[in-house]
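Each remark here refers to the structure printed beneath this line.
All of the numbers you see were taken from the coordinates with simple rules; none came from a lab. Nothing here was measured: the structure is a model prediction, and the numbers come from that model. Methodologically, a virtual Cβ is constructed for each residue, glycine included, from the backbone with ideal geometry; neighbour enumeration extends over all protein chains shown.
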Amino acid sequence: MRIAMIGSGYVGLVSGACFAQFGHDVVCVDKEAAKIERLRKGEIPIYEPGLDKLVADNARAGRLSFSTNLHDAVGGADAVFIAVGTPTRRGDGHADLSYVYAAAAEIAGALQHYTVVVTKSTVPVGTGREVARIIRESRPTAEFDVASNPEFLREGAAIEDFMKPDRVVIGVESTRAREVMAAIYRPLNLIQTPMVFTNIETAEVTKYAGNAFLATKITFINEIADLCEKVGADVHDVARGIGLDGRIGRKFLHPGPGFGGSCFPKDTLALAYTAREVNAPQTIVEQVIAVNDARKKRMADKVIAFCGGSVKGLRVGVLGLTFKPDTDDMRDAPSLDIVPALQAAGATIVAFDPEGMTEAGRLMKGIEFAKTAYEAASGADVLVLITEWHEFRGLDPRRLKELMRQPRIVDLRNAFNPEEMRGLGFAYEGVGRPAPRN
C-alpha cells in the first residue's frame, strides 16, 4: 500500500516509520522544510528509543521518504493519514482543530483517485464528519472515504506499542474503506491483534475514553496515597492489593506528582468540554482534571514542609524534568509547576534530566543545569526526584550523601527504598508511604 502521512511530529513520524516497517511505501509530509531536511539526513527531531534506527533502516530500504510536497504525496496514495497537532485551544480548553481542517482542505485539492483519508490525530467526536464535509465541499466528485484510526502510543515505548498493540481501533463506514484499512494492518492480523472495526464516532470517543480512564486511575491512586500518608498505610501495598484484582489491573496505579504529557491533560480537557456542549457532562473527568492540577502545585508545598517550612536560601537538586522517563517531552510536566514554585519560595535550583534540559531551558528560567545526577546533588540541601528515569534508580546513595550539604531526599516517584535511605542517615520523604515509627 502507498501511504501519505500528513504531519511528521511524534505520532506521524512513529506511525510512518512503523507502517514502512510493515512493508508499505510511506511518504511523511510536513510544512517545516528544516524538519524535513533533518529527517532526510537521518536526524530525528524527537527523542524516542529505537526510532532513529527504524527510520534509517526503512529510508535505506526505500520504503520511507520525507517531503514538503503534500500534493504529490497525496496524489499517489491509497491512504492519507492526518497526524497533525491538536493542542488545547487557548481560552476555552477545546482541542484546536485548525491544523486538521487545514490538512483536509489541502488533501481535497490533491486527490486523484479513490483514497481513504484517516484521522490519526486525537480529535473530538464529530471531527471525522467535518473532515468529510470539507473535502466533499471542495471536491464534490472526488472518490474518497474518511476513517478514524486513533493512536495509542506511550512515549518511550511507542514503537513496541505500534508493532505489538493491545488492539487497533478503526472507524469506517464502507466496505471499500474497511478493506483498505485491513490491508494496511494485515501484519498485525497475522499475529492475531484484536481489530475493533466500528463507526467513526465510536472510534473518536474510544480514544478519549481510554485516556480519561487511565488519567482517572492515576488520580485515584494519588488520592489514596494522600490517605496512606495520614493513616500510616503504604500505598504500594494498597496498589498491589487492589491491582491483583483482575477487574482493576495493576497498570497506572503508581503514585506520583500528577500526570502530564502531550495526551492526558489536553485529552481530558477536550472530552470534558465536548461533553458539556452536548449536555452529557463528564463530572468524574472534570474532577480528575481539577485534582491533578492541584496536586502538581501542591508538590512544591510538600518539599517546603519537609524542609521545615522554608526553602529560602537552600540549594535544591532536582532529578528529572520531563513528564515521564524515556522522552524529551516537557508538555504539562509536573516540574513546570514544582520548580518555579520552589524558586518563588527562595530556593536555588540545580537540575539534571537525561534528555529534557534543552526544552526545559526554554520553559523555565534561572535554573542551573548539571551534567550528571551527582553534580545536581553536589552541595544540595535537599534532593527532589520528579521523574523516575531508570538511571536514577541505580544511583549510589552513599555517594549522594557524601556530595550533599544536607542528606535530605523528597522522592516524588518512590524510586528509592525508604528503609535503606533512612538506614544510611537520610531524611527521606516519599509519596503515600508511612513515616518511620519511633
Report task. Find how much the distance from Leu363 to Ile248 grows on full extension, using 0.36 nm per residue of separation minus their present alpha carbon separation; answer in nm with one decimal. Result -> 37.7 nm
Requested in this report: Output the antiparallel fraction of DSSP beta bridges having both residues in the chain, as a percent to the nearest 5.
Outcome: 5 percent
Query raised in the report: Based on the mean of other beta carbon atoms within 10 Å per residue, what is the order of 248-257, 39-48, most packed first?
Result: 248-257, 39-48
Query raised in the report: Once both labels are modelled 7 Å past Cα along the beta-carbon direction, what's the Glu419-Ala157 spacing in nm?
Result: 2.8 nm
Query raised in the report: With a sphere of radius 14 Å drawn around the Cβ of Gly109, what net charge do the other residues whose Cβ falls strictly inside it have (Lys, Arg +1; Asp, Glu -1)?
Result: -1
Query - segment 2-198: antiparallel DSSP beta bridges as a percent of all, rounded to 5 - result: 5 percent
Query - Set of aspartates and glutamates with alpha-carbon distance to Lys296 below 12 Å, sequence-local pairs under 8 removed - result: Asp332, Asp337
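Using Cβ contacts closer than 10 Å as the measure, can you line up Phe66, Phe416 from fewest to most?
On the way: Phe66 23, Phe416 20.
Ascending number of Cβ neighbours within 10 Å: Phe416, Phe66.
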Report task. Would you mind calculating the relative contact order of the chain from Cα pairs under 8 angstrom and at least 6 residues apart, reporting the percent as a whole number? Result -> 12 percent
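Once the piece of chain linking Ala294 and Asp52 is laid out straight, how much longer is it, given 0.36 nm per residue of separation minus the C-alpha distance between them?
Working: separation 242, 0.36 × 242 = 87.12 nm, distance 3.72 nm.
Stretched fully, the Ala294-Asp52 segment lengthens by 83.4 nm.
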Report summary line: Rounded to the nearest 10, the angle in degrees between the Cα long axis of helix 51-60 and the longest principal axis of the Cα atoms of the chain comes to 30 degrees
Query raised in the report: For q = 0.14, 0.17 Å⁻¹, what log10 I(q)/I(0) does segment 279-371 give under the Debye formula with an equal point scatterer on each alpha carbon and no solvent?
Result: -0.55, -0.75
Query raised in the report: Please state the relative contact order of segment 2-198 as a whole percent: Cα pairs under 8 Å, 6+ residues apart?
Result: 19 percent
Report summary line: Expressed as a whole-number percentage, the relative contact order of segment 243-429 with C-alpha contacts under 8 angstrom and at least six residues apart is 20 percent
Report summary line: Candidates Val14, Val382, Val231; GNM for the chain (alpha-carbon contacts under 10 Å) flags as most fluctuating Val231
Query raised in the report: How big is segment 200-278 by Rg and Dmax over its Cα atoms, in Å?
Result: 14.7, 48
Requested in this report: Starting from the Cα of Phe220, step 7 Å toward the Cβ, then list every residue of segment 279-318 with an amide N under 19 Å from that point.
Outcome: 282-293, 295
Query raised in the report: By what distance, in whole Å, do the Cα atoms of segment 243-429 stretch along each of the three principal axes, largest value first?
Result: 59, 41, 31
Report task. Compute the length gained on full extension between Glu43 and Lys31: take 0.36 nm times their separation in residues and subtract their Cα-Cα distance, giving the result in nm to one decimal. Result -> 2.6 nm
Query - Virtual paramagnetic centre 7 Å along Cα→Cβ of Arg437, amide N under 13 Å, in segment 222-260 - result: 232-234
Query - Spatial separation of Cα centroids for segment 193-217 and segment 356-375, in angstrom - result: 36 Å
